[in-house]
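Below: the structure, in structure tokens.
Please treat every number below as a calculation from the coordinates, not as lab data. The structure presented is a predicted model; accordingly, all values stated were derived computationally and were not measured. Note that we place each Cβ from the backbone using ideal geometry, even for glycine, and neighbour counts take in every protein chain shown.
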Amino acid sequence: MKYKINVMNNFFKYAFLIIVSLFSIFPFYWMIVSATNTSIDIVAGKLSVGMYLIENVKTLIKTVHLGNAFWNSLKNATIGTLASLVVCSMAGYGFQIYRDKGKDNLMNLLLLSMMVPFATTMVPLFRMFSTAHLLNTLTGFILPSVSTAFLIFFFRQNSKSFPIEVVHSARVDGLGEFGIFLKIYVPIMAPTFAAAAIVTFMNNWNSYLWPLIVMQSQQSQTMPLLISGLIAGYTTNYGILMLAVTVCTLPTVILFFTQQKRFVEGVLGAVK
Amino acid sequence: MIVVLNFYPMFQGFLMSLQSGSGNNLKFTGISNYRRLFQDPLFIKSVGNVLIYLVFQVPIMLLLALILASILNDKKLRFKGLFRTIIFLPCATALVSSAMIFRSLFSVDGFVNTMLLHLGVFQEPFAWLSDPTWAKVIIVVAITWRWTGYNMIFYLAGLQNINYEIYEAARIDGASAFSQFTKITLPLLKPVIILTTIMSTNGTLQLFDEVKNITNGGPAMETLTTSQYIYNLSFVYSPRFGYAATVSYAIFIMVAILAFAQIKVGEKK
């Protein structure tokens, strides 16, 4: 009797998991398959891989500046990530290693700023940036997200496991403060840096609202903006739309599969 | 030492200047903007919509994530890693991408309609996204798809801190799976649940990407969110930055009140 209940129980568990998994994977499957089919086939409900991929690529390149947008996204996300890591790791290091009451209070204040919705700061930010002539520039793209309270906190929390004695003995050995940070802290904390890098890169790559406001020229368009522009017309060519979506999604999905553990660490980040 | 200590307050000042964005009115008009806010039908509608998303989406998603996490926490379960990866996968997509996929799936000539026509459920295609109720449902579905795995990861991490022996003991004492869930999992995960609730609430109140790309606020502003309203006020209609800033502060106040309420409720229980 007990055994029977267990079997039933397990059956429901697996059935539930499989259904949820199908739900979460189907849109991906449909996206990739659709990228290889004509719009007509897609509308007809075709669910197998087609032969139309190269045609779609050609059409897409002809209609939009795909290469340009991809390059912009890559450039913005990479440089933005590097800048964030430099700034936030130093700040997080500073908060933990030179810790005192004032800095703890400041950190709490910073954490409160996490609660401030982006919509609240968006308009003033835009006005600041347009006066400073930063619209359509790389600086304009990355500046608001270079230092985030989340990342600083992430680095601070992880620095707690960093042995402070090492800093003291390095000082005795005559290493400068900056040297300590660069030569001792950074190598030891490499996994933390990697996790932070993955999450920041994904956020930058996927960011939409801020680029929508500041990257208004064709020249500075990023991938999410390009995709969103594809539906502006009356009829949608699903083949090329899904191809563009696939192109935009592939880099992050590859990162996800190869670096899943670090990504999870990064997401959970500050919760420790 | 000097570099870090100097760099650091400077950088803090910079950060603050970026984040504390003030009202920013060029002309001083006092509270007239705020008075206008409460008579603005679009503002009221957008707040109503956001609250609808909030009330339906956040509990459904968090409950689903909790159930998934507690199933996946079972040590005997096979293919655990595979299931976890698949359910977490949507997190790797851009919000715009996921919005596009759902928009295409549910468009008039989209996949869902085609299937339902084939199965004979519908006689003619149904315009999901032009129906005020269904458009909201699809937005909720899209958000849930994108974020359930994300929240599940938090719960899984939280469950790992719970000693597995508690569950074994409960099982020996004859506790059912349901009472294990309500008597052990829920109380012990409370901090994580509060955290995810605050994060999700915050996210939903600021909802923009999905709505902008799935329905663009339509049909007839029935799915408009407050964030999109601010965007429209500032960048689509003739720019009214002052009033947009007023609406912005309204969101800020909502986020603050809800977060505060959730923390208070969490403390009490």
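Cross-link pairs exceeding 29 Å in C-alpha to C-alpha distance, out of A:Lys103/A:Lys183; B:Lys75/B:Lys190; B:Lys75/B:Lys136, comprise B:Lys75/B:Lys136. Along the Cα-to-Cβ line of A:Leu111, 7 Å from the Cα, sits a label point; which residues in segment A:246-270 have backbone N less than 19 Å from it? Flagged as within label range: A:266-270. Based on Cα contacts under 8 Å between residues 6+ apart, chain B shows a relative contact order of 29 percent. On the basis of the beta-carbon distance and an R0 of 41 Å, B:Thr133 and A:Ser161 show a calculated FRET efficiency of 0.20. Looking at the square roots a ≥ b ≥ c of the eigenvalues of the Cα gyration tensor of segment A:168-272, which shape do they give, rounded for a/c under 1.5, prolate if a/b is larger than b/c, or oblate? Since a/c reaches 1.5 and a/b is larger than b/c, the shape of segment A:168-272 is classed as prolate.
If I take R0 = 56 Å and measure r between the Cβ atoms of B:Phe38 and A:Asp173 in this structure, what FRET efficiency does the formula 1/(1 + (r/R0)^6) give, to the nearest 0.05?
0.30
For segment A:73-271, the relative contact order works out to 32 percent when only alpha carbon pairs closer than 8 Å and six or more residues apart are counted. Prolate is the label for segment A:73-271. Its Cα gyration tensor axes, ordered a ≥ b ≥ c, give a/c of at least 1.5 and a/b above b/c. Label chain B by shape, choosing from rounded, prolate and oblate, from the square roots a ≥ b ≥ c of the eigenvalues of the Cα gyration tensor; if a/c is under 1.5 it is rounded, and otherwise prolate applies when a/b is larger than b/c, oblate when it is not. Oblate, since a/c reaches 1.5 and b/c is not below a/b.
Span-like helices, chain B: DSSP H, alpha-carbon axial extent 30 Å or more, mean Kyte-Doolittle -1.0 or greater, which ones?
Qualifying helices: B:41-72, B:132-160, B:241-268.
Run the numbers on segment A:67-188 and let me know its relative contact order in percent, using alpha-carbon pairs under 8 Å that are six or more apart. Relative contact order for segment A:67-188 comes out at 42 percent. For chain A, the longest principal axis of the alpha carbon atoms and the long axis of helix A:101-113 meet at an angle near 20°.
Could you order the peptides A:88-97, B:98-107 from most to least packed, using the average number of other C-beta atoms within 10 Å per residue? All intermediate terms of the calculation are to be shown ahead of the outcome.
Working: A:88-97: 22.4, B:98-107: 25.2.
By packing density, highest mean first, the sequence is B:98-107, A:88-97.
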